[in-house]
1. For the ranges 3-14, 107-118, what's the packing order if you count other beta-carbon atoms within 10 Å of each residue, average per peptide, and put the highest first?
2. Remind me, relative contact order of the stretch 75-158 in percent, using alpha carbon pairs under 8 angstrom and six or more residues apart?
3. Let me check against my output: what whole-number percent is the relative contact order of the stretch 4-226, with C-alpha pairs under 8 Å and at least 6 apart?
4. With a bin width of 10 angstrom, please list the P(r) values of the chain as percents of all Cα-Cα pairs, from the 0 bin to the one holding the largest distance.
Amino acid sequence: MQPELVATAVGRRTIDVEYYRPEGDGPWPGVLLLHELFGLTSQVRADARHLAREGFLVMAPDLYTQGLRRYCMKFFFSSDALANRGGGEHVAEIHRLLDVLKAHPACNGRLGMIGMCLTGGFVLQMARRDDVLAPVVFHHSFGLRGSGLPDAQAAEIGHVVQGHFGGDDKVLCPRSRVEALSRQLGDRLDAHVYPGVGHGLRSQFRHTPQADEAWATTLRFFHEHLS
């Protein structure tokens, strides 16, 4: 399956976006698949192909189109990012990507998304949108305080957020963060904690039974809420 590469304007810059289409005739539900710190790797592309085979139109952006260092330096030292308040140009870019995906001729307007580590906080912000019906977060690492999401933003989340967390993740997304998020969202968080693995369920711990279970659970969530 060869992706379609499209240069996409998102605010003040243009990034490369890969689309992965299911076979047959659409339109299909759309899934925005955000890479983690390692970038748009072969592993992320493998996940995109799998999602497309499951019947989803997948948008996989390369957030590092203008370079990893430039992106991360601007992101890491942004007060909005550190607190995950939902402002700033990086969050605005993700809103724009979702709008572009929703308007794609092959998308039926039903949206899901996946974010992990660096981009996990984006999922929590986008879950505030009415049109993101299936938000999935893999161990978010921003914001840095409490649950990783301010109370005011958490109150605006209407849909269920599915979360996958490593039981041995002691630093980037420890159990205390998951518990704080659960207190904020209550039954709006479908949390899954996997003992025996740390941070990186779709990368470092990809070839483990826990990662397989997390991915299968994600697919069921998408089919339930998007199909």
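Computed from the coordinates by the stated procedures, all read-outs in this text should not be read as laboratory data. From a predicted model like this one, the values you see are computed outputs, not experimental measurements. Backbone-built Cβ (ideal geometry, glycine too); neighbour counts: all protein chains shown.
1. Details: 3-14: 13.2, 107-118: 23.0.
Top of the packing list down: 107-118, 3-14.
2. Details: 131 pairs, mean separation 26.7, N = 84.
It rounds to 32 percent for the stretch 75-158.
3. On the way: 466 pairs, mean separation 37.5, N = 223.
Averaging sequence separation for qualifying contacts and normalising by length gives 17 percent for the stretch 4-226.
4. 8, 37, 39, 15, 1
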